[in-house]
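Each value in this text was obtained by applying a stated rule to the coordinates, not by laboratory testing. Model, not experiment: these values are computed from the prediction. A quick note on method: Cβ atoms are made from the backbone with ideal geometry, for glycine too, and the neighbour counts reach across all protein chains shown.
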Amino acid sequence: MLHGKRVLLIVSGGIAAYKSLELIRRLRERGAAVRCVLTRGGAQFVTPLSLSALSEDKVYTDLFSLTDEAEMGHIQLSRDADLLLVVPASADILAKMAQGLADDLATTALLATDKEVMVAPAMNVRMWTHPATQANLETLRARGVHFVGPAEGDMACGEFGPGRMAEPDEIADAVSDFFESSAPLAGRRALVTSGPTHEPIDPVRYIANRSSGRQGHAIAAALARRGAQTTLVSGPTNLPDPGGVEVVRVESARDMLEACEKALPADVAVCAAAVADWRVARAANEKLKKNGAGAPTLEMAENPDILATLSATANTRPALVVGFAAETENVVEHATAKRERKGCDWILANDVSPSTGTFGGEDNTIHLVSADGVEDWPRMSKSDVAERLADRIVAALGAAE
Ligand code: C5P
C-alpha cells in the first residue's frame, strides 16, 4: 500500500479538478500523506478549503506569498514529497512543463524538483490531438514523466474522444504501481534504534540523556519508503510514529537490546539511539525518600552496547550494521577507531564541535567511515541525512548480492 508515502498533488485548471477531491480520499485510504498545490486555474473549479479539509493539511497556492514561502518554500515542497502528481494536468500546465516555464508555485515546484512526476491529462479532444500538445507529451515522456490516462469518452464539453481524465481509482492504482516498482528495498528487513534510553533510579526517577530521536525516526521512515520491512526500536520520544514502520517502544538499554534481538534477522541495522552507557545497578522498588541521612549514593553498572552486540551476533548478523558517532575533535580518527572497536560496517561520524552549530540545530555534518575510507557529506538537514543514508544502504545491499 502507500503507507509512509508523501504525494504532492498539483491541481491545475479544468472541469476534471473535482475528481482530485475523490483522489485525495483514495490515496489517503491507502495510507499516503497528500499535500496540495492549487493553481489559479484549479481554484476556479475546486476551493482550497475542500482540498485542505480532505488532505488535512495546508494548501499552497502562491509563489510570492510571504507566509507560504516562510513556512514551506517551493523547493521544500517537492523535497518533502516522494512523488509529484498533477491531477488534472491541463494542456497549459503540460506545455509549461515541457518548456520549463515557472511562473507560479505549481510550475516552479515542478521545475525545481528532483522527484518523479506523474500526470493525469484532462482536456478537450482537439486540444489533446493538437500537434503542439502531442509534441509536449513526447518531450515529457522522453524526460521520464509518468502518464496515467487520458481515456476516451464523453466530455464535459459535449464532445467524444481521448482527453477524458482517468478515474481516481485508476490514478490511485497507478500511484501504487509506481511505488511498488520503485521500492528497491522490497523484501528486505531493516532495524533502526532511535531516541534516548531511560534508566530507572526508582519507580519515579530515571537517568537519561538528551536525544530527540529525530535522526533515527527519519532513517526508519526513509528505509520504509524504499520498501524495507522496518522495525524501529525507540526509547521515549515525543515524535509521532513514522508511517509504514513497526514501532517497538522501550525504556531502558537492556529492553532496547532485547527488542533488537527479537527483531532479527534483518538485512541492515542502523543504531541511531543515544543509549545510556550506565544504569543504576539496583533500581529501588519504592520511591527513595529523604531520610535526613544525606543524598543516596547510586552504584552504577555498565549497559550492554547494542551496536557492538548486533555487530557480533553469530548467524543472524545483519549484512550491514551502521552506527553513529558524535565527535567534537579529530572526528574521523575517533570514528575510525570506533568502527573497529564496535565491529560495525559503517560509522556516520557527526561533527558536533561548537563551530558547526549541530547541537540543538536542524543540520548535521556527516563523514561516512567505512572499510573503503571516508566520505565527506556536505552540511545538510537530518531528513536529508536519512535520505542519503537510505540511498547508500540501497546501493550497498544491491552490490552485496
Ligand atoms: O560509544 P558511543 O556511544 O559514542 O557510540 C555511539 C554509537 O553506538 C551509536 O550508533 C549508538 O547508537 C551506539 N550505542 C549502542 N549501545 C550503547 C552505546 C552506544 O548501540 N550502549
Which pairs in the list 115/382; 5/96; 5/58; 5/115; 5/382 are over 21 Å apart, alpha-carbon to alpha-carbon? 5/96
Residue by residue through the range 266-279, which ³J(HN,Hα) values in whole Hz follow from phi under the Karplus form 6.51 cos²θ - 1.76 cosθ + 1.60 (θ = phi - 60°), with glycine and proline marked x? 9, 7, 9, 10, 10, 9, 10, 6, 9, 7, 5, 6, 10, 10
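Charges at C-beta only: +1 for Lys and Arg, -1 for Asp and Glu. How large is the resulting dipole of the range 189-400 about its Cα centre, in Debye rounded to 20?
On the way: 23 positive and 28 negative charges, 119 e Å.
It comes to approximately 580 debye.
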Scan around residue 146 for amide H atoms under 5 Å from its own, H built in the peptide plane at 1.01 Å from N, and keep only partners 5 or more places away or cross-chain. 117, 118, 119
Which of 131, 174, 90 sits closest to the plus end of the dipole of the range 6-181, meaning its Cα is farthest towards the positive end, when Lys and Arg get +1 and Asp and Glu get -1 on the C-beta? 131
In nm, to one decimal, how far is the residue 156 label point from the residue 103 one, both placed 7 Å along Cα→Cβ? 2.2 nm
Plugging the Cβ-Cβ distance of residue 246 and residue 313 into 1/(1 + (r/R0)^6) at R0 = 22 Å yields, to the nearest 0.05, a FRET efficiency of 0.65
Apply the Karplus parameterisation 6.51 cos²θ - 1.76 cosθ + 1.60, with θ equal to phi minus 60°, to every residue of the range 297-310 and state each ³J(HN,Hα) to the nearest whole Hz, in sequence, with x for glycine and proline. 9, 9, 8, 9, 10, 7, 7, x, 8, 5, 4, 5, 5, 4
Karplus ³J(HN,Hα) for the range 366-380 (6.51 cos²θ - 1.76 cosθ + 1.60, θ = phi - 60°; Hz, whole; x = Gly/Pro) runs 10, 10, 8, 9, 9, 4, 7, x, 10, 10, 8, 9, x, 4, 8
Show the residues, 5+ positions off or on another chain, whose built amide H is closer than 5 Å to the amide H of residue 201. 206, 207
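Taking the Cα centre as origin and putting +1 on Lys and Arg beta-carbons and -1 on Asp and Glu beta-carbons, what dipole magnitude results for the chain, to the nearest 20 debye? Could the numbers behind the result be given before it?
On the way: 41 positive and 54 negative charges, 144 e Å.
Value, rounded to 20: 680 debye.
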For the range 6-181, the dipole about the Cα centre with charges only on Cβ (Lys and Arg +1, Asp and Glu -1), to the nearest 20 debye, works out at 140 debye
Skipping prolines and chain starts, which residues have an amide H placed within reach, meaning under 5 Å, of the one on residue 270, given they are 5 or more residues away or on another chain? 191, 192, 193, 322
Please report, ordered by residue number, every helix of the chain (full DSSP H runs) that is 24 Å or longer along its axis going by C-alpha atoms and whose mean Kyte-Doolittle hydropathy reaches -1.0. 382-399
Can you spot the aspartates and glutamates whose alpha carbon is less than 19 Å from residue 287's alpha carbon? Ignore those fewer than 8 places along the same chain. 199, 202, 251, 299
Which of the listed residues, 81, 9, 271, is farthest toward the dipole's positive end in the chain, when Lys, Arg count +1 and Asp, Glu count -1 at the beta-carbon? 271
Beta bridges per DSSP with both ends in the chain, % antiparallel, nearest 5: 30 percent
